[in-house]
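The values are calculated or read from the model by the stated rules, or taken from the named source; none is laboratory data. Note that the structure is predicted; figures quoted are calculated from it, not measured. FYI the Cβ positions are ideal-geometry reconstructions off the backbone, even for glycines, and counts take in every protein chain you see. Surface areas here come from the heavy atoms of the whole protein model, side chains and all, with no ligands, DNA or RNA. Shrake-Rupley method; radii C 1.70, N 1.55, O 1.52, S 1.80 Å.
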Amino acid sequence: MNKIIYVDVDGVLNFNEKCEGSFDYWVDFDDGTKPGYVRLNKNHGPWLLNLAKETGSELMWATSWLDLANIYIGPQIGLPELPVLNFGPQKFSEYNGAWKSRGMAEKSDGRPFLWFDDDFTIAQYLKYDKLDYPYKVQEIGGRIGITKDDIYQAYTWLSEL
Ligand SMILES: [Mg+2]
């Protein structure tokens, strides 16, 4: 399996507004972090799994939730345990987009990737990292997370690689 689909959590799978398929899930962290609700969409897991299957891609987490995504997010929407991209330490005052894209440039290892994220600065930072292989940042609006249209656009791009 060659291509990668990276998935962010906040603003992508965890979002603000109620919509078809959405439900609220109470996250009670066991490490002392303040608990709270996440709003998820039961369709997101099946959509992503199908996208990966149809395009011969591998799903991976690309989120500051890191391993916690496999505990608190994936299982609630029907995703199996996924590999986690570890971005490495974030430098003080470094923008989220710069931090994530630097880790990505180091760790994608030449594999083409599509990245679902609501941080609109990421595509810009990736340009500075001068990747010489195909990539696409599918920018997610954040209000209701990934939509069917986002999946369709991702499918089109991944299929044509
Ligand atoms: Mg986000």
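For the stretch 1-121, the calculated P(r) over all alpha carbon pairs, in 10 Å bins from 0 to the bin holding the longest distance, is 12, 43, 35, 9, 0 percent.
Within the stretch 1-70, list the GluC sites (Glu not before Pro) lying in a DSSP loop whose Cβ has at most 12 other Cβ atoms in a 10 Å radius. Passing sites in the stretch 1-70 are GLU17, GLU20. Between the exposed loop cleavage positions of the chain, defined as trypsin sites (Lys or Arg not before Pro) in a non-H, G, I, E, B DSSP state with at most 14 neighbouring beta-carbon atoms within 10 angstrom, the longest gap is 43-90. Taking 28 Å as the straight-line reach from the Cα of LYS107, the lysines in range (excluding those fewer than 8 positions away in the same chain) are LYS3, LYS53, LYS91, LYS127, LYS130, LYS136.
Counting only protein heavy atoms and a probe of 1.4 Å, the accessible surface of the chain is 51% carbon and sulfur.
For the chain, the antiparallel share of DSSP beta bridges with both residues in that region comes to about 25%. Springs between alpha-carbon atoms under 10 Å, Gaussian network over the chain: tell me which of ASP150, ASP119, ASP31 tops the mean-square fluctuations. Among ASP150, ASP119, ASP31, the largest GNM mean-square fluctuation belongs to ASP31.
Sparsely packed loop sites in the stretch 29-105 (the chymotrypsin sites (Phe, Trp or Tyr not before Pro) outside DSSP H, G, I, E and B with at most 15 other Cβ atoms within 10 Å) comprise PHE29, PHE92, TYR95.
The mean sequence separation of alpha-carbon pairs under 8 Å and at least six residues apart, normalised by the residue count of the chain, gives a relative contact order of 31 percent.
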